[in-house]
Amino acid sequence: LPIVVLISGGGTNLQAIIDAARDGLPVDIRAVISNQPDAYGLQRAKKAGIPTAVLDHRDFDSREAFDQGLAALIDSFQPGLVLLAGFMRILTPAFVRHYQGRMLNIHPSLLPKFQGLHTHQRALDAAEKEHGASIHFVTEELDGGPIIIQARVPVLPGDDAEKLAARVLEKEHIIYPLAVRWIAEGRLSLNGAGQVVFDNQA
Ligand code: GRF
């Protein structure tokens, strides 16, 4: 399955996908695209021999113009699936519709709890006993699309945002490759009614 991965930062989730592909995940990572020229994830891609591209949103005079340029760049690689992995941009409805059912995102919370930013601190402030990460199909609702898989971690006494984030990140690196595997193997998809369909027999 040809995929394109979008990043903005460190790219540890990208690295998990790269490592999984090396170990047999049936994907062909066609390109890694970042909106941040200095994203460390670009170095990870280069080390793995994966083509990289930077589309700096500061070079565009509107969100729509950036998203149109981004879609054209993504489509030039003809991916069957697009992964947002630490991609810190809010996408326009037209862009999201264009990739409906074939774009995933990872969000560091047990959605629908804590959509948006600073999820670990917010979970601590809310005295949550559990926290985690979610892989979901991208829809027009920010951090709100149909959920594919979630991982839970305990919130422990003495946790601060950094400790909790590290515990969640470990799980992210397990569930993201697993969600991609299910789609690459044709076992999971999003139907026309926006429901996640899992076919265990496929
Ligand atoms: C992680 O918290 C992830 O959940 C979110 O961005 C953060 C960094 O991810 N998507 P990465 O290390 O850049 O993959």
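Confirm whether GLN201 is modelled with pLDDT of 95 or more and not hydroxyl-bearing (Ser, Thr, Tyr). Break it down into steps so the answer makes sense when it comes.
Details: modelled with pLDDT of 95 or more: no; not hydroxyl-bearing (Ser, Thr, Tyr): yes.
No.
Applying the criterion of being more than 17 Å from MET88 (Cβ to Cβ) and in a loop (DSSP other than H, G, I, E, B) to the residues of the range 1-23, the residue that is farthest from the ligand (Cβ to nearest atom) is LEU1. What are the pairs with Cβ atoms under 8 angstrom where one residue, in the range 11-28, is on the phi > 0 side of the Ramachandran plot and the other, located anywhere, is in a loop (DSSP other than H, G, I, E, B) and within 16 Å of the ligand (Cβ to nearest atom)? Sequence gap at least six, or different chains. So the pair list comes out as GLY11/ALA39; GLY11/ALA85; GLY11/GLY86. Selection of first residues in the range 171-182 that are more than 11 Å from ILE106 (Cα to Cα) and of second residues that are open to solvent by 60 Å² or more (accessible area, probe 1.4 Å) and at pLDDT below 95, restricted to Cβ pairs under 8 Å at least 6 apart or on distinct chains, gives the following pairs, ordered by first then second residue: TRP182/PHE198.
From the list ALA184, ALA126, ALA166, the lone residue that is aliphatic (A, V, I, L, M), over 21 Å from LEU14 (Cα atoms) and out of contact with any strand residue (DSSP E or B) (no Cβ under 6 Å at 6 or more places or on another chain) is ALA126.
Confirm whether LEU83 is part of a strand (DSSP E or B), within 14 Å of SER8 (Cβ to Cβ), open to solvent by less than 20 Å² (accessible area, probe 1.4 Å) and modelled with pLDDT of 95 or more. It is true that LEU83 is part of a strand (DSSP E or B), within 14 Å of SER8 (Cβ to Cβ), open to solvent by less than 20 Å² (accessible area, probe 1.4 Å) and modelled with pLDDT of 95 or more. The single residue among THR92, THR139 that is within 13 Å of the chain's Cα centre (by Cα) and either without any contact (Cβ under 8 Å) to a residue 60 or more places away in the chain or more than 20 Å from HIS173 (Cβ to Cβ) (or both) turns out to be THR139.
Scanning the range 143-167 for residues that are touching a Gly at 6+ places or on another chain (Cβ under 7 Å) and not charged (D, E, K, R) returns PRO146, GLN150, ALA151, VAL153. Which residue is nearest to PRO26 (Cα to Cα), if the candidates are limited to the range 56-80 and must be open to solvent by 60 Å² or more (accessible area, probe 1.4 Å) and not in a helix (DSSP H, G or I)? Out of the qualifying residues, it is GLN78.
Just wondering, is there one or more residues in the range 45-53 that are among the polar types (S, T, N, Q), surrounded by 15 or more Cβ atoms within 10 Å (Cβ to Cβ) and within 16 Å of the ligand (Cβ to nearest atom)? The answer is yes; a qualifying residue exists.
Just one residue in the set LEU83, LEU73, LEU55 is touching a strand residue (DSSP E or B) at 6+ places or on another chain (Cβ under 8 Å) and within 21 Å of ILE175 (Cα to Cα); that residue is LEU83. Is it the case, given these coordinates, that GLU185 is out of contact with any Phe, Trp or Tyr (no Cβ under 8 Å at 6 or more places or on another chain) and closer than 26 Å to ILE3 by Cα? Yes. Selection of strands (runs of 3 or more DSSP E) fully inside the range 96-198 by the criterion of at least 2 residues being open to solvent by less than 20 Å² (accessible area, probe 1.4 Å) and closer than 27 Å to ALA20 by Cα returns 103-107, 130-137, 147-154.
The values are calculated or read from the model by the stated rules, or taken from the named source; none is laboratory data. All figures in this text were calculated on a predicted structure; none of them were measured in a lab. For neighbour counting, all protein chains shown are included, and Cβ atoms are generated from backbone atoms with ideal geometry for every residue, glycine included. Accessible surface areas use protein heavy atoms only, side chains included; no ligands, DNA or RNA. Shrake-Rupley method; radii C 1.70, N 1.55, O 1.52, S 1.80 Å.
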